[in-house]
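Bear in mind these aren't lab numbers, they're just calculated from the coordinates by the rules spelled out. What you see is a predicted model; the values in this text were computed from it and never measured. In this analysis, Cβ positions are derived from the backbone assuming ideal geometry, glycine residues included, and neighbour counts consider all displayed protein chains.
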Amino acid sequence: MLAYALLLSAALFVIGTLGVIVRRNAIIIFLSIELQLNAVNLAFVALSRYTGIEGQLFVFFVMTVAAAEAAVGLAIIISIFRHYKTVNVDRFNLLKW
Amino acid sequence: MTEILFVLFAVVALGGAFGVVLSRTPVASLLFMVATLASVAGIYVLFEAHFLAAIQVLVYAGAIMVLFLFVIMLLNLGHDYRADLKYGLWSLLALVVAGLTAGVLGQAFWGASDTGFRGDGAAVAAALDAAVREQGAAGVIAEPLFTDYVVAFELMGLLLLVAIVAAVVLAKPKT
Amino acid sequence: MALAASMPGPHLPVQEVAHWEPVLPGLIVLLPLLGFVANGILALRAAARSSAALRAGTDWDPFAGPARPRTHTLPTWIGPGVMFVAFVLALWNFAGLYGAELHDPVVVRYWTWIVTGNLQIDAAIQLDQLSMIMMLVVTGVGFLIHVFSVGYMKDDTGYPRYFAYLNLFVFFMLVLVMGAGYAMMFIGWEGVGLCSYLLIGYWFTDREKSDAGKKAFIVNRIGDLGFLLAMFLLFQAFGTLDFGPIFEGAEGRLAAGGATVTAITLLLMLGAAGKSAQVPLHVWLPDAMAGPTPVSALIHAATMVTAGVYMVARSSVLYALAPTSQAVVAGVGVLTALLAATIALQQHDIKKVLAYSTVSQLGFMFLGAGVGAFTAAIFHLMTHAFFKALLFLGAGAVIHAMHHALHKADSHEDAQDMRNMGGLKDRMRITWVVMWVATLAIAGIWPLAGFFSKDEIIWYTAAWAGAPSNPFGTLYTVYWLVALVTAMLTAFYMTRLMVITFHGQSRVDRNARPHLHEAPRVMTVPLVILAVLSVFGGWVNVPEPLAESFLGLFGALPMSEWLHHWLEPVTHDAAAIQTAALGEPVYGAPLVGGGEFAWALASTLAAAVVVLAALRALGGRKYVAAARDTAVPGGLRGILANKWYFDEAFDAGIVRPVLAASRWCWKVVDTVLIDGFVNFVGNFTRLAGWTVSLFQTGQANTYAFVLTLGVLLVLGAAVFL
């Protein structure tokens, strides 16, 4: 079952990656990133059956980081939306110049 | 029984994931995300990680997803039904990259691991289960967290504090 | 200077040294430097006042007030004062060295200046018989010229600046002659070049004069390159640049007549030719006459230009090992002497005549140094310093008088053109007399200084021409004949100068004529002292064959062959090497025979005949003032008046090609190639930047895509490899 869980984690990660690449909505890109994080968490948890409790500890830390990231990221989205009146990332191209 | 549950959860998780990426509205994406998170939490339970499963549901599916929902509603994004998927050449490229990623990860998790991963690591798993029985699901994580990893733990607290301050500062309207 | 410790060079046997402690030798060098600093500060203060006045829209005339400002009175005492003290100290040391009769130089090391790799250069000075003579000449004649300058430059606004430069020059000249190695010598060598440049271009607001300064500097650079290369070769051969080890080890380390020593000496010769204005690098010296006349006397007649002769004499051991170089040195010298003397025949500017005369006399010195008569060369250097300084200062007095008279008469005629002079002897008695003394001295009339020194050079040329194994014997014979002819030419052009300047009808502007008057005493006294030296200076080295005859006053002259014996410790090694290589010199004239006495008598009689004939021939001639003299000399005269077209040849052969090459470098290399390359680099970078910037879409998806690709690459490498 462990190996299948790892495969599931890989599949979730790939889907998350697809989401990050193909979507324009900043919120959904964010959700895709959370999906990727969850895929990783799943792999950690599965491997903790094989290597010990540390895997679960990492999941704990990843969740904390994800929470912080969500807070800051959403704040940024709000801030940008206030300026552009949209969350379409194609509009956020100031980095180009 | 376990295998059936695993397959069930896996199917729901994958379907939710596709829903997140493909659904046209953010709210729908969000709900698919909650479904995925819940199924993953179920898989945690199958792996005897009860504490994490609880946090997954409480913190992730509960708090963070609600935060997303708040933002979506705050920004009134629900009306933006315009499909924001990228089609054409770009989606093909994305599929290529996805395929490559799948190949690399599959090789890493499956192809290259003809020893070890295929079994369940019976000895470690048994010790883990024994510890859970002894200290409880929370205690087995808390013990190393407050001893060996206490510095990292405290740093996490600091990170959260900084993130809160940053969020407040960023989201505050410029006067 | 309390730290002045007399130490032997590492090569010297210890017991040789303890005889004599030099007295404050460092102070002799330091005093002119202090004078330079003091006068320099005064010059800066004067310049500050002048520029302040200019900012205020006025002109500062330091002589407008009732009393001269302090910046223009103090240099009168500081400038000549430091020179006098230095001269007294030099005399004191001379007396000490005279009594000590050392055979090895005394080297005083102050500090180690440069250590790099194997090269160690000490700030060290060397006192021996040769440097002592040079010190005496530099400080003694230098002092007299400083005193003369007080009168000559009295009304010049740059008075303190002038004395600052002059003191600085003396400092560097003393470093040059007292340095205990080629490196120290080179410091002085470059320093005097700098001061020469500063003083030639002293009136720098005049474009022509500052150009003359640049010309002197640039031509000297060519020679300095030779000096530098010679130093590199010397260092390669000896591992040091100190005189002591080089001259001690020269015979052992360098094959006599070998390529190395020949190259070293020829390169040194190039340096000497630049500094001492030898053909073809002589072109700067006549132009250097743009400087104030006392400068011409001090730098471009008495001291700096003789540095090349000093250097060859100092390197006598090396030259004795390279007979080919010796022949070249002598040949260049004699050629220079002849060419310059012929040019001097057709010049109208009084200072130009003297300048070419100087070049010619320097050629004689090189002839002497080249044939191995180092003592004779130094002897002539010394007497020439006396009478040529006298001639220049006398010319300075004439120009001074002419300038003032023409100025008073508001005439713009050339104060230096001899055609505008004539008949000055009635107005300037003292100058006239002392100039005649100097003229007779340089012409080689017995018993004046030039007779003994020049005669000795010519005689040694003849003697070495007959040396049994001299491979250049025939060449030396030619040198000897040319030198004889040149000596006669010298008598002629100098008499011509005297006749046109002082005798005959006065051609001075009629209104200016009453204002002509003799120079003030501060100028005439140095003239008289130099005249006395020009008379008696030659008696320190009356050759032995002449001493007992009436040419030596039947043995009454007490210092017969003195200089020869005095310099013996310095020239001894070279003489031994040369005699070993070429055989004993034959003291008899080539081709016709005859001893030194006969030839000396003949030459002085011939010179006297030439002087008298020139007096008769030229005295009766009518000259026209410069403004009305429209005749363009043709034929040989034209060639001589145009100085054998050296300047034109350099212009066509070097200056124009260099200009053309520079223009080509500018138009083709710079604008097309270099600018093109630079622009290409810039454009290419921009193009590359533009191309790469295409990846920067500004879209988060693209970044995510590329990021994923990158991670896959790394991860894939980790997984699959």
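When the Cα centres of segment B:40-100 and segment C:303-328 are compared, how far apart do they sit, in Å?
Each part's Cα centre sits 97 Å from the other's.
Among A:Leu74, A:Leu47, A:Val87, whose Cα sits farthest toward the positive end of the charge dipole of chain A (+1 at Cβ of Lys/Arg, -1 at Cβ of Asp/Glu, about the Cα centre)?
Toward the positive end, the furthest listed residue is A:Val87.
Ranked highest first by the average count of other Cβ atoms within 10 Å around their residues, in what order do A:6-12, C:446-452 fall? Don't skip to the end; give the middle numbers.
On the way: A:6-12: 22.9, C:446-452: 26.1.
Those peptides, ordered most packed to least, come out C:446-452, A:6-12.
Pop out the ³J(HN,Hα) list for segment C:367-374 in order, Karplus 6.51 cos²θ - 1.76 cosθ + 1.60 with θ = phi - 60°, rounded to Hz; leave Gly and Pro as x.
In residue order, the calculated couplings are 4, x, 5, x, 7, x, 8, 5 Hz.
Per DSSP helix of 4 or more residues, -39500 (n - 2.57); summed, then divided by the residues of chain B. What does that give at 222 nm, rounded to the nearest 500?
-23500 deg cm²/dmol
In whole Hz, what ³J(HN,Hα) sequence does segment A:44-51 give by Karplus (6.51, -1.76, 1.60; θ = phi - 60°), x for Gly and Pro?
Going residue by residue, I get 4, 4, 4, 6, 5, 6, 9, 10 Hz, with x marking Gly and Pro.
What is the average number of partner chain Cβ atoms found within 10 Å of a Cβ in B:92-102? Don't skip to the end; give the middle numbers.
On the way: counts 0, 5, 11, 4, 2, 10, 10, 1, 8, 12, 7.
If you average over the peptide's residues, the count of other-chain Cβ atoms is 6.
Taking a quarter of the surface of the Cα convex hull of the protein assembly as shown, what do you get in nm²? Don't skip to the answer; put the middle values down first.
Numbers: hull surface 262.3 nm².
Approximately 65.6 nm², given one-decimal rounding.
Modelling each spin label as a point 7 Å along the Cα-to-Cβ direction, I'd like the C:Ala602/C:Ala556 distance in nm, to one decimal.
2.8
Once you sort the root eigenvalues of the Cα gyration tensor of segment B:1-85 as a ≥ b ≥ c, which label holds: rounded (a/c under 1.5), prolate (a/b larger than b/c) or oblate (the other case)? Kindly include the intermediate steps, with their values, before the conclusion.
On the way: a/c = 4.91, a/b = 1.71, b/c = 2.86.
Oblate is the answer for segment B:1-85, as a/c is 1.5 or above yet b/c matches or exceeds a/b.
In terms of the ratio Rg/(2.2 N^0.38 Å) built on C-alpha atoms, what value belongs to segment C:595-721? All intermediate terms of the calculation are to be shown ahead of the outcome.
Numbers: Rg = 41.2 Å, N = 127, 2.2 N^0.38 = 13.9 Å.
Normalised Rg, Cα atoms only: 2.97.
In whole angstrom, note down how far apart the Cα centers of segment A:25-44 and segment B:139-164 are.
Cα centroid of segment A:25-44 versus Cα centroid of segment B:139-164: 22 Å apart.
What dipole magnitude, in Debye to the nearest 20, does the protein assembly as shown give about its Cα centre under +1 on Lys/Arg Cβ and -1 on Asp/Glu Cβ?
Computed charge dipole of the protein assembly as shown: roughly 3780 debye.
By how many degrees, 0 to 90 and rounded to 10, does the Cα axis of helix C:259-275 deviate from the longest principal axis of chain C?
Approximately 70 degrees, to the nearest 10.
With only Lys, Arg, Asp and Glu charged, each at its Cβ (+1 for the first two, -1 for the last two), find how big the charge dipole of segment C:147-290 is about the Cα centre; round to the nearest 20 debye. Write down the numbers at each step before the final one.
Numbers: 9 positive and 11 negative charges, 36 e Å.
In total the dipole reaches around 180 debye.
In terms of Cα to Cα distance under 25 Å, which lysines are near enough to B:Lys174, apart from those fewer than 8 places away along the same chain?
In chain and number order, the partners are A:Lys85, A:Lys96.
Which whole-number percentage describes the relative contact order of chain C, with Cα contacts under 8 Å and a sequence gap of 6 or more? Numbers along the way, then the final one.
On the way: 1176 pairs, mean separation 83.3, N = 721.
RCO, chain C: 12 percent.
Helix A:2-22 versus the longest principal axis of chain A: what angle, 0 to 90°, nearest 10, using Cα atoms?
10
Which of the peptides C:176-182, C:363-369, C:225-231 is most tightly packed, and how do the rest follow, going by the mean number of other Cβ atoms within 10 Å of each residue?
On the way: C:176-182: 25.9, C:363-369: 31.7, C:225-231: 19.0.
The densest-packed peptide leads the list: C:363-369, C:176-182, C:225-231.
With the Cα gyration tensor of segment A:2-87 in hand, convert its eigenvalues to equivalent ellipsoid semi-axes via √(5λ) and list them largest first in whole Å. Mind showing how you got there, number by number?
Numbers: eigenvalues 176, 50, 4 Å².
Semi-axes from the Cα gyration tensor: 30, 16, 4 Å.
Using the Kirkwood radius over C-alpha pairs as Rh, can you work out the diffusion coefficient of segment C:229-370 via Stokes-Einstein at 20 °C, viscosity 1.002 mPa s, in µm² per second?
Values: Rh = 15.5 Å.
D, rounded to a whole number, is 138 µm²/s.
Report the Cα centroid-to-centroid distance between segment C:370-391 and segment C:78-147 in angstrom, as an integer.
Between the Cα centre of segment C:370-391 and that of segment C:78-147, the gap is 19 Å.
Based on the Kirkwood radius over alpha-carbon pairs, what value in µm²/s does the Stokes-Einstein equation return for the translational diffusion coefficient of chain C at 25 °C and 0.890 mPa s?
Numbers: Rh = 27.7 Å.
Calculated translational D: 89 µm²/s.
Would you tell me the mean number of C-beta atoms belonging to other protein chains that fall within 10 Å of each C-beta in B:23-33, as a whole number? Write out the running numbers ahead of the final one.
On the way: counts 1, 2, 2, 8, 1, 1, 8, 3, 0, 2, 7.
Counting Cβ atoms of other protein chains within 10 Å of each residue's Cβ and averaging gives 3.
Could you work out [θ]222 nm for chain C from helices alone, using -39500 (n - 2.57) per DSSP H run of at least four and dividing by all its residues? Round to the nearest 500 deg cm²/dmol. Provide the component values of the computation, followed by the final result.
Values: 27 runs with 469 residues, N = 721.
Estimated from H runs of four or more residues: -22000 deg cm²/dmol.
What would the Debye formula give as log10 I(q)/I(0) at q = 0.15, 0.27 Å⁻¹ for the alpha-carbon point model of segment C:356-435, no solvent?
Log10 of I(q)/I(0), two decimals: -0.65, -1.21.
Mean Kyte-Doolittle of at least 0.0 and a Cα length of 20 Å or more along the axis: which whole DSSP H helices of chain B meet both?
Values: long enough: B:2-22 (30 Å, 2.34); B:26-46 (30 Å, 2.04); B:89-106 (25 Å, 2.07); B:122-145 (24 Å, 0.91); B:150-171 (31 Å, 2.83).
Sorted by number, the helices that extend far enough and score high enough are B:2-22, B:26-46, B:89-106, B:122-145, B:150-171.
At a 10 angstrom cut-off on C-beta neighbours, averaged per residue, how do the peptides C:606-618, C:646-658 rank from highest to lowest?
Numbers: C:606-618: 16.5, C:646-658: 12.5.
Packing proxy ranking, top to bottom: C:606-618, C:646-658.
Would you tally the net charge around C:Ala164, using a Cβ to Cβ cut-off of less than 14 Å, leaving C:Ala164 out, and scoring K and R as +1, D and E as -1? Kindly include the intermediate steps, with their values, before the conclusion.
Working: positive: C:Arg45, C:Arg161; negative: C:Asp156.
Summing Lys and Arg as +1 and Asp and Glu as -1 gives +1.
Would you mind checking the tilt of helix C:25-55 against the longest principal axis of the Cα atoms of chain C, expressed as 0 to 90 degrees and rounded to 10?
The two axes meet at around 70 degrees.
Net charge near A:Val22: determine it from the other residues with C-beta under 11 Å of the C-beta of A:Val22, scoring Lys and Arg +1 and Asp and Glu -1.
Numbers: positive: A:Arg23, A:Arg24, B:Lys86; negative: B:Asp84.
Summing Lys/Arg as +1 and Asp/Glu as -1 gives +2.
Report the charge-dipole magnitude of chain C in Debye, nearest 20, computed about the Cα centre from +1 at each Lys and Arg Cβ and -1 at each Asp and Glu Cβ.
2420
Rounded, prolate or oblate: which one fits chain B, using the alpha carbon gyration tensor with axes a ≥ b ≥ c (rounded when a/c is under 1.5, else prolate when a/b beats b/c, else oblate)? Walk me through the numbers before you get to the answer.
Working: a/c = 1.93, a/b = 1.22, b/c = 1.58.
Oblate, since a/c reaches 1.5 and b/c is not below a/b.
Tell me the Rg and the Dmax, in Å, that the Cα atoms of segment C:566-628 produce.
Values for segment C:566-628 (Cα only, Rg and Dmax): 21.4, 61 Å.
Please list 3J(HN,Hα) in residue order for segment C:553-564, calculated via the Karplus relation 6.51 cos²θ - 1.76 cosθ + 1.60 where θ = phi - 60°; whole Hz, with x for glycine and proline.
These are the phi-based 3J(HN,Hα) values: 6, 6, x, 6, 6, x, 10, 4, 6, 5, 4, 4 Hz.
From Cα pairs below 8 angstrom and at least 6 apart in sequence, can you work out the relative contact order of segment A:2-87, rounded to a whole percent? Don't skip to the end; give the middle numbers.
Numbers: 68 pairs, mean separation 23.9, N = 86.
It comes to 28 percent, rounded to a whole number.
Would you mind giving the mean number of other chain beta-carbons within 10 Å of the Cβ of each residue in B:162-171, as a whole number? The partial results should precede the final answer.
Details: counts 2, 10, 4, 2, 5, 10, 2, 3, 10, 9.
Per-residue shielding by partner chains comes out at 6.
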